[in-house]
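J.: I'd like to ask you about the structure that follows.
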Amino acid sequence: MRKKFPGYCRLTESEFLQLWGNCLFAFDANVLLNLYRYTPQTKDSLINIMSKVSDRIWLPYQAALEYHRRRITVIQQQSKAYDEVRELVKKGHEALSGELKKYTKHPSIHITGIMEKSKKSLAEIEDTLTELQKNHPDLLKDDPIQTAVLKLFDGKVGTPTSTAELLDIYKQGEERYRLKIPPGYADKQKDGTDKYGDLVIWFQLLAKAKENKLPMILVTDDRKEDWWFKIEGKIIRPHPELVQEISTQAGIMFYMYSADPFMEHAVKHLKYKVEKKAINEVREVRLGDEVLRQAKKEALSRGLGLMGSSGYSGSATDEVLRQAKKEEALLRGLGLMGSLGYSGSATDEVLRQAKVAEQPDEIDISDMGKKDE
């Protein structure tokens, strides 16, 4: 029975050893794009792990394509974050000053002194941001991360899917999404054929598995429910239907990790030393993304739902999208503030919400009995 339902059964310790011992490591575009968001030390740690198993790594063509298409956007987002944080801190200072004025006549609280300290802190943050921005690398001119990625995956990228095959995948996608067959249906709201990006990657993974018949580990920072089996928002393991499909079609063992658990288990299975702070940083970036994605989803849901009930469209829709992007910029700013060592009620709340949403992280049933991966 276990062989017929691998997607619903936890791998044994010996199966994990076998998996890590000779599997093919496939990577999603988001893992490569997140390299631009880590400190140099953490970025190097993840690249070094990939290098250690360079003879066993592989990149689906669609993932490689998405990396190249989105690389410049990610680089620009990191450059814009300095100005976004400046604006965020400035508005916070102005709001604080306005509220403090209510207490100017208090006999014991010296508001003037508090406001001066706030003003001084604002100036210190501005100086720090200016210095950091001045030293921020111009990756549009010289991109060592891209150089490393190109070298790592030279000769290890899948073949492009033909136009005829893509059209067939899109056709299958319509029915699969209607029936909520993973992956990809969580992207059904995207425009045009962009909604089928994850499905194209999945079909390319299936084709590779049929070709080489090796066990496979997919490393992805996509956290949507059409990739993972979740209980109360917590990831337990890869989506059972994905494991079933690849097992049935290719007869291989399949598993998935986000980047931070992948790094943790590389320590165990590849005997590679990784600093704990590097793993924590990768986890924090991912958790921040979860909060950001949920905020955007809620903003769009609230706005579009209200507009739909009121009969609005056109410019009103544009305004909702603008507000969603504004929330995204705000959260990016809070993330950068955290990396600079600043906090406050707003930053603390963002981080608190992330921890509430994701802890314990990637359970994999390890907290429900015998230790799992």
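The values are calculated or read from the model by the stated rules, or taken from the named source; none is laboratory data. Predicted model, so just to flag it, every value in this text is computed and none were measured. As a convention, Cβ positions derive from the backbone with ideal geometry for all residues, glycine included, and neighbour counts pool all protein chains shown.
J.: Of the conditions (1) of a type in the set (Val, Ile, Thr); (2) modelled with pLDDT of 95 or more; (3) surrounded by 20 or more Cβ atoms within 10 Å (Cβ to Cβ), VAL85 satisfies every one except a single condition; which number is it?
T.: Every listed condition holds for VAL85 apart from (2).
J.: If a residue has to be surrounded by fewer than 19 Cβ atoms within 10 Å (Cβ to Cβ), at negative phi and part of a loop (DSSP other than H, G, I, E, B) to count, how many in segment 162-205 make the cut?
T.: 7
J.: In this structure, does LEU11 turn out to be touching a residue at least 40 places away in the same chain (Cβ under 8 Å), under 19 Å from PRO137 (Cβ atoms) and out of contact with any Gly (no Cβ under 9 Å at 6 or more places or on another chain)? Working first, answer last.
T.: Working: touching a residue at least 40 places away in the same chain (Cβ under 8 Å): yes; under 19 Å from PRO137 (Cβ atoms): no; out of contact with any Gly (no Cβ under 9 Å at 6 or more places or on another chain): yes.
Answer is no for this residue.
J.: Still on this structure: Go through segment 118-159 and report how many residues are touching a residue at least 40 places away in the same chain (Cβ under 8 Å), assigned to a loop (DSSP other than H, G, I, E, B) and not charged (D, E, K, R).
T.: Qualifying residue count for the region: 6.
J.: Now for a separate question. Which residue is farthest from ASP55 (Cα to Cα), if the candidates are limited to segment 253-278 and must be of a type in the set (A, V, I, L, M, F, W, C) and in a helix (DSSP H, G or I)?
T.: Taking segment 253-278 as the starting set, the residues that turn out to be of a type in the set (A, V, I, L, M, F, W, C) are 253-254, 256, 259, 262-263, 266-267, 270, 274, 278.
Retained after the next criterion (residues that are in a helix (DSSP H, G or I)): 259, 262-263, 266-267, 278.
Numbers: ALA259: 19, PHE262: 17, MET263: 18, ALA266: 15, VAL267: 18, ALA278: 24 Å.
Applying the filter and picking the extreme gives ALA278.
J.: For segment 89-106, what are the residues that are surrounded by fewer than 19 Cβ atoms within 10 Å (Cβ to Cβ) and in contact (Cβ under 8 Å) with a residue 12 or more places away in the chain?
T.: Of the residues in segment 89-106, the ones surrounded by fewer than 19 Cβ atoms within 10 Å (Cβ to Cβ) are 90-106.
Selection gives LYS90, GLY92, HIS93, LEU96, SER97, LEU100.
J.: Could you tell me whether segment 54-62 includes any residue that is free of Cβ contacts under 8 Å to residues at least 40 places away in the same chain and either surrounded by 20 or more Cβ atoms within 10 Å (Cβ to Cβ) or not basic (Lys, Arg) (or both)?
T.: Residues of segment 54-62 that are free of Cβ contacts under 8 Å to residues at least 40 places away in the same chain, as a first pass: 55-56.
Subsequent filtering for residues that are either surrounded by 20 or more Cβ atoms within 10 Å (Cβ to Cβ) or not basic (Lys, Arg) (or both) retains 55.
Yes, segment 54-62 contains a residue that is free of Cβ contacts under 8 Å to residues at least 40 places away in the same chain and either surrounded by 20 or more Cβ atoms within 10 Å (Cβ to Cβ) or not basic (Lys, Arg) (or both).
J.: Regarding THR130, is this residue at pLDDT 95 or above, among the hydroxyl-bearing types (Ser, Thr, Tyr) and surrounded by fewer than 14 Cβ atoms within 10 Å (Cβ to Cβ)? Walk me through it before giving the result.
T.: Working: at pLDDT 95 or above: no; among the hydroxyl-bearing types (Ser, Thr, Tyr): yes; surrounded by fewer than 14 Cβ atoms within 10 Å (Cβ to Cβ): yes.
Here the answer is no, as THR130 does not meet what is asked.
J.: Of (1) free of Cβ contacts under 8 Å to residues at least 12 places away in the same chain; (2) in a helix (DSSP H, G or I), LYS3 satisfies all except one. Which?
T.: (2)
J.: To continue, here is another question. Could you check ALA26 against (1) within 30 Å of PRO240 (Cβ to Cβ); (2) outside any strand (DSSP E or B); (3) among the aliphatic types (A, V, I, L, M) and say which number it fails?
T.: (2)
J.: Follow-up question, since we're still on this one. Which of the residues that make up segment 230-263 are buried (at least 18 other Cβ atoms within 10 Å of the Cβ) and more than 17 Å from LYS3 (Cα to Cα)?
T.: The first filter runs over segment 230-263 and keeps only residues buried (at least 18 other Cβ atoms within 10 Å of the Cβ), leaving 235-239, 242-243, 245-247, 250, 252-263.
Within segment 230-263, ILE235, ILE236, ARG237, MET256, TYR257, SER258, ALA259, ASP260, PRO261, PHE262, MET263 meet the criteria.
J.: Still on this structure, please answer the following. Which residue pairs have Cβ atoms under 7 Å apart, sit 6 or more places apart or on different chains, and have a first residue in segment 260-278 that is closer than 16 Å to ASN22 by Cβ and a second that is of a type outside the set (A, V, I, L, M, F, W, C) and not in a helix (DSSP H, G or I)?
T.: HIS265/TYR257; HIS265/GLU373; ALA266/TYR272
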